[in-house]
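The values are calculated or read from the model by the stated rules, or taken from the named source; none is laboratory data. What you are looking at is a predicted structure, and each value in this text was computed from that prediction instead of being measured. A quick note on method: Cβ atoms are made from the backbone with ideal geometry, for glycine too, and the neighbour counts reach across all protein chains shown. Please note that ligands, DNA and RNA were not included when accessible areas were found on the heavy atoms of the full protein model with its side chains. Shrake-Rupley method; radii C 1.70, N 1.55, O 1.52, S 1.80 Å.
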Amino acid sequence: MTPQHSVVLRRGDSGAAVAAVRERLVLSGDLPAADLEPARDDRAVFDHEVEEAVKSFQQRRGLIVDGIVGRSTYAVLDGSRWGLGDRVLRYVPEYFIEGDDVVALQGRLAELGFAPGKVDGIHGPSTDSALRAFQAAVGLTPDGTAGPETMRAFAGLRRSVSGGSANALREREHLRRSGYSLSGRTIVLDPGHGGTDAGAGGHHGLVESALALDLARRVEGRLSAHGVNVVFTRTESTDGGTDEERAAFANSCDADLVLSLHTDHSDSGLAHGAATYFYGHPDHARRGDWSVIGESFADLLLREVVARTGLTDCRSHARTWPLLRRTRMPAVRLDFGYLSHDGDAAALADTHTLDRVAEAVVVALQRVYLGEADTSRTGVLRLDDLRRHLETMRAQQVGGGHGAPGGGATAHHGTDRSARADRTVG
């Protein structure tokens with residue numbers, strides 16, 4: 001089994017591919033080494049112990065915790081065995097190398113002032129460009145190969161950034177320079193599931209794929225009114241593909257931000273509420289492995305949704321799911337209720353609730369781009385208010401307002417806490 005392999009392994013399976021998974025779980029520390037002893041490759045079994053080890057690994061790495069080894073889990077599991085310097089790294093257009101060593105390489109490049117893009121453990125073109133720039137700067141042949149000479153060059157240099165993530169600083173500066181207006185931006189909306197995959201079903205005859213597409217259309221109408229170019233990953237009759245394919249599509253659009261829309265389901269029927277997810281590694285020691293703009297939007301979006309709908313706040317969480325990890329731009333997933341919960345389903349069966357969620361998306365998105373000029377209280381800013389608010393800001397700028405966009409923002413009663421890049425994820 002290789003990272004490109006499409007085989008899905010679960011409890012009860014056996015064979016060489018299971019043996020490869022067991023070996024990597026031992027290397028990751030999630031499975032005792034003694035568990036490799038008894039079985040030959042062709043007799044290795046995916047038993048209860050392996051399933052629990054897979055869940056442990058998935059939990060630590062911010063993956064979906066289901067105990068199943070699919071393409072995404074295997075890619076991260078296989079890459080976890082590499083440390084920086086263990087192998088030669090280079091950009092391969094047909095197949096991007098993945099692994100913890102790539103995360104370390106990207107982190108070092110970012111710390112030294114060379115921008116590798118998102119610290120995602122994927123050796124793509126941005127990492128290649130940053131590596132070549134570093135090599136040229138230190139007098140090495142800029143061949144894009146991270147071998148022994150490049151490792152020695154890294155070892156001889158101290159970090160040039162302290163007190164925070166260089167990538168976070170770049171993300172914030174890029175956002176500041178882009179201005180506060182939504183007009184002219186490209187937003188990719190990703191309605192969950194689609195095609196033959198209907199997603200979750202629940203009370204009141206609701207179906208996740210149809211509900212997500214309905215909400216996406218409501219969001220599109222409101223964003224379009226603000227001059228935003230909205231692109232869908234799928235329509236009613238098409239399938240958006242895997243999360244990896246949806247991320248590749250968003251990258252091809254050169255979007256400013258991606259928003260994925262889903263509902264949730266629980267077997268007990270007791271779980272309820274809304275949650276948001278952004279790209280980040282639960283282990284805070286890996287500081288570059290985090291999207292501060294994604295976190296800011298996820299935090300603002302969830303608070304706006306909860307304030308406008310009354311849905312329970314299930315918090316915002318860092319995850320390394322493929323759609324969040326593989327997009328070059330900030331990406332956020334919104335789970336706007338449980339269809340298995342009668343209260344949530346009843347609310348979502350009311351079109352007014354979907355309108356409120358759509359309004360929350362637009363207001364939260366605008367608040368992200370307002371940045372430090374945002375003094376709005378959650379849940380009070382309406383679309384008409386927003387339009388007048390921005391017109392006032394533009395007029396103040398034309399009339400010689402102070403430097404930063406939004407310098408003359410009107411204050412509302414109370415202010416929200418700012419999103420923290422060092423949020424504790426639970």
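Which order do 145, 150 take when ranked by solvent-accessible area (1.4 Å probe, heavy atoms of all protein chains), largest first? Don't jump to the answer; show the numbers that get you there.
Details: 145 30, 150 5 Å².
In descending accessible area the options line up as 145, 150.
Rounded to the nearest percent, how much of the accessible area of the stretch 303-353 (1.4 Å probe, protein heavy atoms only) is carbon and sulfur?
Roughly 48 percent, rounded to a whole number.
When the scattering of the stretch 281-369 is computed by the Debye formula from its Cα atoms alone, each counted once and equally, what is log10 I(q)/I(0) at q = 0.13, 0.16, 0.19, 0.24 Å⁻¹?
-0.48, -0.69, -0.91, -1.19
Tell me, what is the per residue accessible area of the stretch 229-343 in Å², probe radius 1.4 Å? Provide the component values of the computation, followed by the final result.
Numbers: 4030 Å² over 115 residues.
That works out to 35 Å² for each residue.
At a probe radius of 1.4 Å, what is the per-residue accessible area of residue 242, in Å² to the nearest 10?
About 50 Å², rounded to the nearest 10.
Just how far, in whole angstrom, is the stretch 306-355 from the stretch 12-83 if you go by their alpha carbon centroids?
Each part's Cα centre sits 31 Å from the other's.
Any idea of the accessible area per residue across the stretch 115-160, 1.4 Å probe, to the nearest Å²?
On the way: 2220 Å² over 46 residues.
Normalised by residue count, the accessible surface of the stretch 115-160 is 48 Å².
Please turn the phi angles of the stretch 138-149 into ³J(HN,Hα) values with the Karplus equation 6.51 cos²θ - 1.76 cosθ + 1.60 (θ = phi - 60°), one per residue in order, whole Hz, x for glycine and proline.
9, x, 8, 5, x, 9, x, 9, 8, x, x, 5
Under a crude label model (7 Å from the Cα following the beta-carbon direction), how far is residue 59 from residue 143 in nanometres?
4.5
What is the spin-label model distance, in nm, from residue 41 to residue 90 if the labels are put 7 Å beyond Cα along the C-beta direction?
Roughly 2.7 nm, to one decimal.
Could you put 55, 118 in order of accessible surface area, largest first, with the 1.4 Å probe and the full protein assembly present? Present the calculation step by step, with values, prior to reporting the outcome.
Working: 55 65, 118 35 Å².
Per-residue accessible area, sorted high to low, gives 55, 118.
Would you check the accessible area of residue 140, probe 1.4 Å, heavy atoms only, in square angstrom rounded to 10?
Taking all protein chains as shown, residue 140 has close to 40 Å².
With the full set of protein chains in place, find how many percent of the accessible area of the stretch 1-135 is carbon and sulfur; take the probe as 1.4 Å.
Details: 3020 of 6000 Å².
Solvent-exposed carbon and sulfur of the stretch 1-135 make up 50 percent of the total.
Name the residues of the stretch 6-32 whose amide N is less than 19 Å from a point 7 angstrom out from the Cα of residue 239 along the C-beta direction?
Those under the cut-off are 6-9.
In Å and on Cα atoms, what radius of gyration and Dmax does the stretch 53-103 show?
12.0, 33
Roughly what would the spin-label model give for residue 10 and residue 207, points 7 Å off Cα along C-beta, in nm?
Result: 2.2 nm between the two label points.
If a/c stays under 1.5 just call it rounded; otherwise compare a/b with b/c (prolate if a/b is bigger, oblate if not). Do that for the stretch 208-340, with a ≥ b ≥ c from the square roots of the Cα gyration tensor eigenvalues. Please report the intermediate quantities before stating the final value.
On the way: a/c = 1.37, a/b = 1.02, b/c = 1.34.
The shape class here is rounded.
Top to bottom by accessible area (1.4 Å), largest first, where do 108, 234, 60 land? Mind dumping the intermediate values first?
Details: 108 55, 234 10, 60 100 Å².
Output order, biggest surface exposure first: 60, 108, 234.
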